[in-house]
Amino acid sequence: MKAVDCARAALIDRLAQERYRLPPLVLMEDAGLSAWRLAGQRLWAGGRPDGPVVFLAGRGNNGGDALVMARQCLLDGHRDASIVLAGEPAADSLAGRHLAICEAMGIEILRFPAEAARVEERLARAAWLVDGLAGTGLAGAARPPLDALIRRANASPGRTLAVDLPSGTGDAFRQGFPAVAAEFTLTIGLPKLCLYLPLVRPFCGQILVVPGVFPRSLWRRRTSRASCWTRRSGGSWSPCRAMRTRAGGGTWPFSPAPRGPPGRLGWPPRRRPAAARGSSPCSWTGTCTPPPSAVSSR
């Protein structure tokens, strides 16, 4: 499995713009449309959800991805949809441009916390929530009013789909940080290493990779190779066969955990069996499906 931390994900996004002249608006459009199509293929019979859908959108790029998905939801003929904004994006920002499109198309848009009562009403009747409140750019814990909206989203009876990563999580996630508890996570382009941290993994549900957003040449040399190792009888280690990739969206059924302070990402020595034995303070360990395992990345 190849994966990236949040800083490398941002670098790949920037290089896509600089080297391939891909405008940020195009990248956001591709990310949102590809995520929506993958959800239709893997999660919803007939390609679109049943029941009311609430799109949770922040002011940044993750919110823009969710707004693209909201627009496509309407274009696909599903009209029982609402958008809840956690903060107003600047009119000339990427998210602001997509918000203007959604407003022009007549999609219901609610502001939180200004319209908290109506937001709670929509969340209470939602069949699906699409979480785009915060992404890889979040530093530290989610702050007001984002934290309050996250708590309300987690109290909703609807099933939650997170875009790229559950809002509130990230490389610096710590115990007690407010985070969206998703049933599915559609991570854009490549798996994010933070999704497999022991504190973050329970918030992610099933992880599906949204393909075809970034040129392949950009991430070939900028990814960490994550390998799952299983302890065999006698104490030796071998690659675990439970780790696999599926066409149209990858699923990695294990939860790597770094040694040392919770939430730390690290790269152990290149000798993977040594790292798997835990000789490095930052080697990956965790559980696989079903045997115990360790993960090293290089």
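Every number here is computed from the coordinates shown, using simple stated rules; none is lab data. The model shown is predicted, which means the values in this text are computed figures rather than measured ones. Note that each Cβ is placed from the backbone with ideal geometry, even for glycine, and that neighbours are counted across all protein chains shown.
Tabulated results
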quantity	calculated
Sparsely packed trypsin sites (Lys or Arg not before Pro) within segment 32-86, loop by DSSP, other Cβ within 10 Å at most 16	Arg79
Label-point separation in nm, Ala139 to Ala90, each point 7 Å along Cα→Cβ	1.7
Förster radius 35 Å - calculated FRET efficiency between Arg97 and Gln175 (Cβ-Cβ, nearest 0.05)	0.40
Rg over Rh [alpha-carbon atoms, Kirkwood Rh] for segment 155-224	1.01
Centre separation in Å (Cα based) which lies between segment 1-17 and segment 129-148	20
HN-Hα J in Hz across segment 122-135 - Karplus 6.51, -1.76, 1.60, θ = phi - 60°, x for Gly and Pro	5, 5, 5, 9, 6, 8, 9, 10, 10, 8, x, 6, 8, x
